[in-house]
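Visitor: First, the structure itself, so that you have it in front of you.
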Amino acid sequence: MTRRQHFVIILILGTLSTISPFSIDMYLPGFPAIAKDLNTTIDKVQFSLTAYFFGIAAGQMLYGPLLDRFGRKIPLYAGLGLYLLASVGCAFTHSIEMLVLMRLLQALGGCVGMVAAQALVRDLFPVSNIAQVFSLLTLVIAVSPMIAPTVGGYATVAFGWHSIFLILAGITVLILVAVYYALPNGRPADPSISLRPQAVLGSFFTVLRQPQFMTYAFAGGLSTASSFAYIAGSPDVFMNLYHVSEQQYGWIFAFLAIAVLAPNQLNHVLLKRFSNEQIVHTTLIYQSAVGLIMVFGSWAGWFGLTGLLGMLFLFLLGQGLVGPNSSALSMMPFARHAGSAAALMGSLRMGFGALVSALVSLMHNGTALPMIGMMTFCAVGGLLILLIGERAIAHRSDSVAPKAAL
């Protein structure tokens, strides 16, 4: 692979991975306008976000076996086509119920990009480089929160919130062209992989029986769900509680995205001196400590807008380290079932994200506590799962070693 091919492949895989982040982030500044236009409230509009998360969680479970059975590109074309149609449907909806339904369909189509990108990383790059490639993908993904809300805020003011979904449809057309002409096929279709429910579930159970996957997929999934709590709660917190405008909200979101972007670059340096396991372990301890301080400080009334932004920035610094390293550790044990492993990992993350975002909406009380409380819960919960899982991995290693010696 030449340097140019390497760059192009990473760029395409990154754009596939950003379909859902763009779909999530770009319409956040339009929440007040959507609520007004559809005669509803912001907390009801938040359920269209929850529907998207549920759609991603369910869709990834579907695409995993399809990507293993039919190869990478055919499911990609089908999923992106569904996403394109649903995006147009979102643009022309006239009720909150229809918006929620279209968002669900949009997620079911768009999530193929996330699963395929992760599976293709396993297909196209050596195991020793997986963590670095995931870091590069996370770098591309991290740029989307800096761009999407800002574009969405200005598009909402200039053309109305409907234009956001038309922009997403246009971006999808460009991605389809790039996938067709410039993306390698990856692992070929495997007719021996059955799509019968029993066989599909068997493939998933094969993945779930691996303690390393269970530990890092669950710990990483719950801890990274803290960002979904932030995404779900931030429009109400910043635009209703602190009364910032749509454009200002976009810039705030972009500023906080730097917290994810910066440590992602640091990850390249850290991996030269520390293992993936060490980085995940230390980062979750750090996030848990920052989260507890943030919750107590908000409850005690220490923070205004500036103070809250500072604490959120410190907390989100950990996301750029936990995400790529836990992903790499989850995927490392698999080759033949890489699609199923990627689907399960992504589904777990989005499932946690859907649950967390729904809880933030249900606990809405006009303060920032539901948002930051759930963020902290995710970090602490992820740390506890990691500590328990590390013992299970060590126990399995100890039990396997004597058998290998025999």
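The values are calculated or read from the model by the stated rules, or taken from the named source; none is laboratory data. Computed from a predicted structure; not experimentally measured. Every residue, glycine as well, gets a Cβ built from its backbone with ideal geometry; the counts of neighbours run over all protein chains shown. Just so you know, the surface numbers come from the protein's heavy atoms only, side chains and all, with ligands and any DNA or RNA stripped out. Shrake-Rupley method; radii C 1.70, N 1.55, O 1.52, S 1.80 Å.
Visitor: For the range 22-91, what does the accessible surface come to per residue with a 1.4 Å probe? Please give it in Å².
Guide: Values: 2130 Å² over 70 residues.
Counting only protein heavy atoms, the per-residue value for the range 22-91 is 30 Å².
Visitor: With a 1.4 Å probe and every protein chain left in place, tell me how much accessible area HIS364 has, in Å² to the nearest 10.
Guide: My reading of the accessible area for HIS364 is about 90 Å².
Visitor: If you don't mind, another one. Could you give me the ³J(HN,Hα) list for the range 278-295, computed from phi with Karplus coefficients 6.51, -1.76, 1.60 and θ = phi - 60°, whole Hz, x at Gly and Pro?
Guide: Those phi angles translate into 5, 5, 4, 4, 5, 5, 5, 5, 4, 5, 4, 5, 5, x, 5, 5, 5, 5 Hz.
Visitor: Compute, for LEU101, the solvent-accessible surface of its heavy atoms (probe 1.4 Å) with the complete set of protein chains present, and express it in square angstrom to the nearest 10.
Guide: Counting only protein heavy atoms, LEU101 exposes about 80 Å² to solvent.
Visitor: Could you check the simple spin-label distance between VAL8 and ASN240, using points 7 Å along Cα→Cβ, in nm with one decimal?
Guide: 4.8 nm
Visitor: Shifting gears a bit: In deg cm²/dmol and to the nearest 500, what is the mean residue ellipticity at 222 nm of the chain if only DSSP H runs of at least 4 residues count, each as -39500 (n - 2.57), divided by the residue total? The partial results should precede the final answer.
Guide: Numbers: 17 runs with 330 residues, N = 406.
Taken over the chain, the calculation gives -28000 deg cm²/dmol.
Visitor: Could you derive backbone 3J(HN,Hα) for the range 44-58 from the dihedral phi with the Karplus parameters 6.51, -1.76 and 1.60 (θ = phi - 60°), listing whole Hz in sequence and x where the residue is Gly or Pro?
Guide: 6, 5, 4, 5, 5, 6, 4, 4, 5, 4, 5, x, 5, 4, 6
Visitor: State the percentage of accessible surface on the chain attributable to carbon and sulfur atoms; use a 1.4 Å probe and exclude ligands, DNA and RNA. Before the final figure, lay out each step's value.
Guide: Values: 11560 of 16490 Å².
Solvent-exposed carbon and sulfur of the chain make up 70 percent of the total.
Visitor: Rank these residues by their accessible area, most exposed first, probe 1.4 Å: ILE385, ILE372. Please list the in-between numbers first.
Guide: Numbers: ILE385 50, ILE372 0 Å².
Result, largest first: ILE385, ILE372.
Visitor: From the phi angles alone, apply the Karplus equation (6.51, -1.76, 1.60; θ = phi - 60°) to the range 148-161 and give each ³J(HN,Hα) in whole Hz, x where the residue is Gly or Pro.
Guide: Karplus values, whole Hz, x for Gly and Pro: 4, x, 5, 4, x, x, 5, 5, 4, 5, 7, 10, x, 5.
Visitor: On full extension of the chain, what length is gained from HIS268 through TYR154, given 0.36 nm per residue of separation minus the C-alpha to C-alpha distance? Numbers along the way, then the final one.
Guide: Details: separation 114, 0.36 × 114 = 41.04 nm, distance 3.44 nm.
Gain in length upon complete extension: 37.6 nm.
Visitor: Just name one of SER326, SER192, PRO75: the one whose Cα is farthest towards the positive end of the charge dipole of the chain (beta-carbon charges, Lys/Arg +1, Asp/Glu -1).
Guide: Sorting the options by dipole projection puts first SER192.
Visitor: Right, another one. Quick one: putting +1 on the C-beta of Lys and Arg, -1 on the C-beta of Asp and Glu, what dipole do you get for the range 67-155 around its Cα centre, in Debye to the nearest 20?
Guide: Dipole magnitude for the range 67-155 comes out near 160 debye.
Visitor: For LEU309 and MET98 in one chain, what is 0.36 nm times their gap in residues minus the Cα-Cα distance, to one decimal in nm? Spell out each step's value before the answer.
Guide: Values: separation 211, 0.36 × 211 = 75.96 nm, distance 3.40 nm.
Full-extension gain reported as 72.6 nm.
Visitor: Please work out the FRET efficiency for the pair TRP251 and ASP37, using the Cβ-Cβ distance as r and a Förster radius of 25 Å; give the result to the nearest 0.05. Intermediate values should be presented prior to the final figure.
Guide: Numbers: r = 23 Å, r/R0 = 0.94.
So the FRET efficiency works out to roughly 0.60.
Visitor: Okay, next question. What is the magnitude of the charge dipole of the range 169-277 about its Cα centre, with +1 placed on the Cβ of each Lys and Arg, -1 on the Cβ of each Asp and Glu, and no other charges, expressed in debye to the nearest 20?
Guide: Numbers: 5 positive and 4 negative charges, 90 e Å.
Computed about the Cα centre, the dipole is about 440 debye.
Visitor: To the nearest 10 square angstrom, how much accessible area does GLU277 have with a 1.4 angstrom probe?
Guide: 70 Å²
Visitor: Under a 10 Å cutoff between Cα atoms, tell me which one of ALA394, ALA189, ALA33 has the largest fluctuation in the Gaussian network model of the chain.
Guide: Looking only at ALA394, ALA189, ALA33, the largest GNM fluctuation is found for ALA394.
Visitor: Compute the Rg to Rh ratio over the range 246-294 from the alpha carbon atoms, using the Kirkwood formula for Rh, and round to two decimal places.
Guide: Working: Rg = 14.0 Å, Rh = 12.7 Å.
So for the range 246-294, dividing Rg by the Kirkwood Rh gives 1.11.
Visitor: How many nm separate the modelled label positions at ALA300 and SER275, each set 7 Å beyond the Cα in the direction of the Cβ?
Guide: If labels sit at ALA300 and SER275, their model points lie 3.8 nm apart.
Visitor: OK, next. Hey, any idea what the orientation-averaged projected area of the convex hull of the chain's Cα atoms comes to, in nm²?
Guide: Working: hull surface 79.3 nm².
Its average projected convex-hull area is 19.8 nm².
Visitor: In addition: Given a 1.4 Å probe, how much area per residue of the range 224-337 is accessible, in Å²? Each step should come with its number before you reach the end.
Guide: Working: 4460 Å² over 114 residues.
Here the residues of the range 224-337 average 39 Å² of exposed surface.
Visitor: Could you give the distance between the Cα centres of the range 1-46 and the range 240-296, to the whole Å?
Guide: Measuring centre to centre over Cα atoms gives 19 Å.
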